[in-house]
1. Would you be able to tell me the number of residues in region 31-57 that are surrounded by fewer than 17 Cβ atoms within 10 Å (Cβ to Cβ) and in a helix (DSSP H, G or I)?
2. What's the number of the only condition in (1) of a type outside the set (A, V, I, L, M); (2) assigned to a helix (DSSP H, G or I); (3) under 29 Å from the mean Cα position of the chain (by Cα); (4) surrounded by 15 or more Cβ atoms within 10 Å (Cβ to Cβ) that Arg24 fails to meet?
3. Among the candidates Ala111, Ala132, Ala81, Ala96, single out the residue that is closer than 18 Å to His240 by Cα, of a type outside the set (Phe, Trp, Tyr) and over 23 Å from the mean Cα position of the chain (by Cα).
4. Against the condition surrounded by fewer than 17 Cβ atoms within 10 Å (Cβ to Cβ) and at negative phi, how does Ser66 come out, does it pass?
5. Scan region 263-294 residue by residue and report those that are under 22 Å from Ala113 (Cα atoms), of a type in the set (D, E, K, R) and at pLDDT 75 or above.
6. Mind checking whether some residue in region 206-221 is in the same structural domain as Gln273 (by TED's automatic domain parsing), in a helix (DSSP H, G or I) and of a type in the set (S, T, N, Q)?
7. I'm trying to understand the selection: among the residues of region 200-219, which are farther than 16 Å from Pro124 by Cβ and free of Cβ contacts under 8 Å to residues at least 24 places away in the same chain?
Amino acid sequence: MEAFVEHLSSERRASPHTVSNYARDLRSLCTFLEEKRQKPAKLADIDIYALRGWLGSLSRTHAASSIARHIAAVRTFFRYARRAGLTDKDPSALLASPKVSRPLPTLVSAAAAAEIVESPDGEPEGLRDRAALELMYGSGLRVSELCGLDIGAVDLRQRTVRVTGKGNKERIVPLGEKAAHAVEAYLRVRARVVRPGYAITDAGALLITARGKRLAVRAVQHMTKDSGALGAGRADLHPHALRHSCATHMLDGGADLRSIQEILGHASLSTTQRYTHVSVEHLMRVYDQAHPLARARTKRR
């Protein structure tokens, strides 16, 4: 298991979040086996019946999406174990994945998004928060990607941002005019974000805290929630909602799914299709432009 976790981190370059989750899922399997058999768990002990028993015990307290992730973890583990010559069997291949419902993420209108990103007030922290909100909504960044941005990743002249996404994959995303101005305004006062008595500990970090550290994901989540409540009366707002709204508004504006996929950094187009809320207005516009009967009715009118 330790070798597998190292493989995920160094060779597959999985995100720290994925590595942590998979390691925790496998520890859960080991604990289940040890409690059931009253002896240390061994790879040879894991068969389809042990896996089904483990998942059955989890199903009492875990949602289908969590069960699906546990299955993904054990499947990835056995693929690694077989390639490493540690076993010649893969009982996880016999597991059936549960059906996972995918509700649409929270969405805000374009007008509400504008109010939200403009809600932070005062400087220098207000300018930092506005730059962060503009990057999430304007460029569709994940909150982890936002917090990981370095100053050198932002090209204000070309209006682009170099983003390191899942699996350490880099992509270049456009930086809107308002987002570029917000980042530029923040950079002019960045040093003043740090309180007297503290120093910047991560010189390359774009977004920093009052103590000079790189801005953390939890801090952005709280800031987004506060800005949502203040700017649009949405106390339920989270960073993912701004990313989703970015994709939806681009789709409504005429962008194709392939372009949105590239900007969001999705490995599969199917992810973009599930992720993007298609408005009724957009569907009707496409129908009227593409369907021959719709065109015929338009001509008769």
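1. Here the count works out to 14.
2. (4)
3. Values: Ala132 fails: over 23 Å from the mean Cα position of the chain (by Cα); Ala81 fails: closer than 18 Å to His240 by Cα; Ala96 fails: closer than 18 Å to His240 by Cα.
Residue meeting the stated conditions: Ala111.
4. Numbers: surrounded by fewer than 17 Cβ atoms within 10 Å (Cβ to Cβ): yes; at negative phi: yes.
Answer is yes for this residue.
5. Hits for region 263-294: nothing passes.
6. Filtering region 206-221 for residues in the same structural domain as Gln273 (by TED's automatic domain parsing) gives 206-221.
Of the ones still in play, those that are also in a helix (DSSP H, G or I) are 217-221.
Within this subset, residues satisfying the condition of being of a type in the set (S, T, N, Q) are 221.
Looking through region 206-221, at least one residue is in the same structural domain as Gln273 (by TED's automatic domain parsing), in a helix (DSSP H, G or I) and of a type in the set (S, T, N, Q).
7. Passing the criteria: Thr201, Asp202, Ala203, Arg218.
Every residue, every condition in (1) surrounded by 16 or more Cβ atoms within 10 Å (Cβ to Cβ); (2) touching a residue at least 60 places away in the same chain (Cβ under 8 Å); (3) of a type outside the set (Phe, Trp, Tyr), yes or no:
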{"position": "Ala110", "(1), (2), (3)": "no, yes, yes"}
{"position": "Ala114", "(1), (2), (3)": "no, no, yes"}
{"position": "Arg130", "(1), (2), (3)": "yes, no, yes"}
{"position": "Glu170", "(1), (2), (3)": "no, no, yes"}
{"position": "Val193", "(1), (2), (3)": "yes, yes, yes"}
{"position": "Gln221", "(1), (2), (3)": "no, yes, yes"}
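The values are calculated or read from the model by the stated rules, or taken from the named source; none is laboratory data. Because the structure is a prediction, the values reported are computed rather than measured. Neighbour counts run over all protein chains shown; Cβ positions are idealised from the backbone, glycine included.
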